[in-house]
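The values are calculated or read from the model by the stated rules, or taken from the named source; none is laboratory data. Fair warning: this is a prediction, and the values are worked out from it, not measured in the lab. Here the Cβ is made from the backbone with ideal geometry for all residues, glycine too, and neighbour counts use every protein chain on show. Protein only, heavy atoms only, side chains kept; ligands, DNA and RNA dropped before computing areas. Shrake-Rupley method; radii C 1.70, N 1.55, O 1.52, S 1.80 Å.
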Amino acid sequence: MMSYPPLVTRCISALCLAAALSGCSQETEITLQKKKTPPVPVKMISVTQEQVTRTTTQPATILPYYKAELRAKVSGYVSEVKADIGDYVKQGTVLATIDVPELQKQRLVLQAQVTRYESEEKRAEAGIELSQANVQSAEARLAQSKSELNRVKAVVAAAEAEFARTSDLVKRRSLESRVLDEVRKKRDSELASQQSVNSAINSAMAEVVVAKAKQKSAQADLQAAQAQTSIARRQLEELEVLLAYSQIKAPFAGMITARSIDPGDLVREANEVGKGEPLFVIDQIEQVRIQIPVPEAEAALVNRGDLVTLRFPSFAGEAELKAKVSRFTGALDPHTRTMLVEADVPNPDRKLLPGMFGQATITLSAQITASTLPSRAIRYESSGQAYVYAVNDDDVVSIVQVSTGIDNGQSIEILAGIVPGQKVIDAHLKRFQSGDKVAPLQR
């Protein structure tokens, strides 16, 4: 440790003592000045709660109400292109034709098959008519044989009676025995006739069974022919449907916004021309959809029918468009944490073009209870952070940073930082520091 002469040591001590006395004097003077400064009179306001209508302003994109990408269902060469980009077409308008000669040849083959099967139907119907006639003829012969049997039975009965009577007379020797022989032969002849008629009846019955079987066979042939005809007709109808696909038609009225084919291009089913692009793209723009991604904080407050105010840079000098919420997904996109909201807007003059970008303000119909302060009571730092001068029960000021929400131009929603009923300093020109004393003015 360095040592100094006694005189130098005394001088240093004196200087230190003088400096200490001077510092104490200055602090004492500042303290006295503060005690002498009277509290600043200020007007006080409190944080209040009220029902507020929230709005959310988000980017908006115009989309066609319907958009269709037209592709080929059949393979062939493009023979004619009747529409181009920018054309407005009606529903059902033919946009292009694809030449499919192989399908047209198949149609001729199937038409010939249908004709052949229809001829077989007619032949089967004729067979049914013939079999019905055969059945009727066999049944008539059966009826005739049965009638003949009845007659023969009557004759046999008479012969039997005559034989019995003659036999009795011969036994009495009233007649000669040769007379009995004649009567017996006659009876036997009638019995033989009866057996012949019985055989004819059995034959007629068999013919009826055969005729009916042939009738059923003819009916089965007709059903088979009808089935073949039906199959051929369905195949022809299917081919006609495929041939109809050779004409590319507009599914609805709209604007052609893309075309990727030229006459002579080869298109294939499920394999579009070029780089896999559709043959045509058509947009329905008589009415358009406005898509608005709403953040998670406001998504739950959106309802159908909420007012939507639309602004587009392309129409800066025109009045704002008004619409209503038509639909929303009801779920958040996991990538953006937003919910898709759509509004339908009529576009009869086709001024709103798909792809246009704008801004949409949705006035949410669901009201909420919010803590608010007049906008004049909120200050902002250079960084943009909002703060207020809060005053406690001892009238001491503290600077409190707050988070703000809805701003309607007169009052601002307070989301965090202070609670309802908290007193803050109203508009004032003075900048306060934490710890300052104030004098609240009586309202």
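Dividing the Cα radius of gyration of the stretch 301-427 by 2.2 N^0.38 Å, with N the residue count, gives 1.45. Rounded to the nearest 0.05, the FRET efficiency derived from the C-beta distance between Q287 and I368 at R0 = 41 Å is 0.80.
How far, in nm, would the chain grow between E240 and S199 when pulled straight, counting 0.36 nm per residue and subtracting the alpha carbon separation?
Here the segment from E240 to S199 would lengthen by 8.7 nm.
For K171, a cut-off of 28 angstrom between C-alpha atoms picks up these lysines, skipping any fewer than 8 places away in its own chain: K153, K185, K186. For the stretch 330-376 and the stretch 209-243, what is the separation of their Cα centres, given in Å? Each part reduced to its Cα centre gives a spacing of 63 Å. Straight-line cross-link reach from K122 at under 27 Å between alpha-carbon atoms covers these lysines, not counting any fewer than eight positions away in the same chain: K105, K212, K214, K216.
In this simple spin-label approximation, A416 and Y66 carry label points 7 Å from Cα along the Cα→Cβ vector, and these lie 4.9 nm apart. Put a dot 7 Å past the Cα of E296, heading toward its Cβ, do the same for V400, and the two dots end up 2.7 nm apart. For the stretch 379-443, averaging the sequence separation of C-alpha pairs within contact (under 8 Å, six or more residues apart) and dividing by the residue count gives a relative contact order of 33 percent. For the stretch 301-377, the per residue solvent-accessible surface stands at 54 Å², with DNA, RNA and ligands left out and a 1.4 Å probe.
Shown for the stretch 317-360: the carbon plus sulfur share of the solvent-accessible area, taken with all protein chains present and a 1.4 angstrom probe, equals 58%.
Taking 0.36 nm per residue of sequence separation and removing the Cα-Cα distance, the E277/F252 pair yields an extension gain of 7.0 nm.
Subtract the Cα-Cα distance of R123 and Q144 from 0.36 nm times their separation in residues, and report this length gain in nm to one decimal.
Difference between extended and current length: 4.4 nm.
In this simple spin-label approximation, S382 and A157 carry label points 7 Å from Cα along the Cα→Cβ vector, and these lie 14.3 nm apart. Solvent exposure of the stretch 51-91, expressed per residue, is 58 Å² of accessible area, with all protein chains present and a 1.4 angstrom probe.
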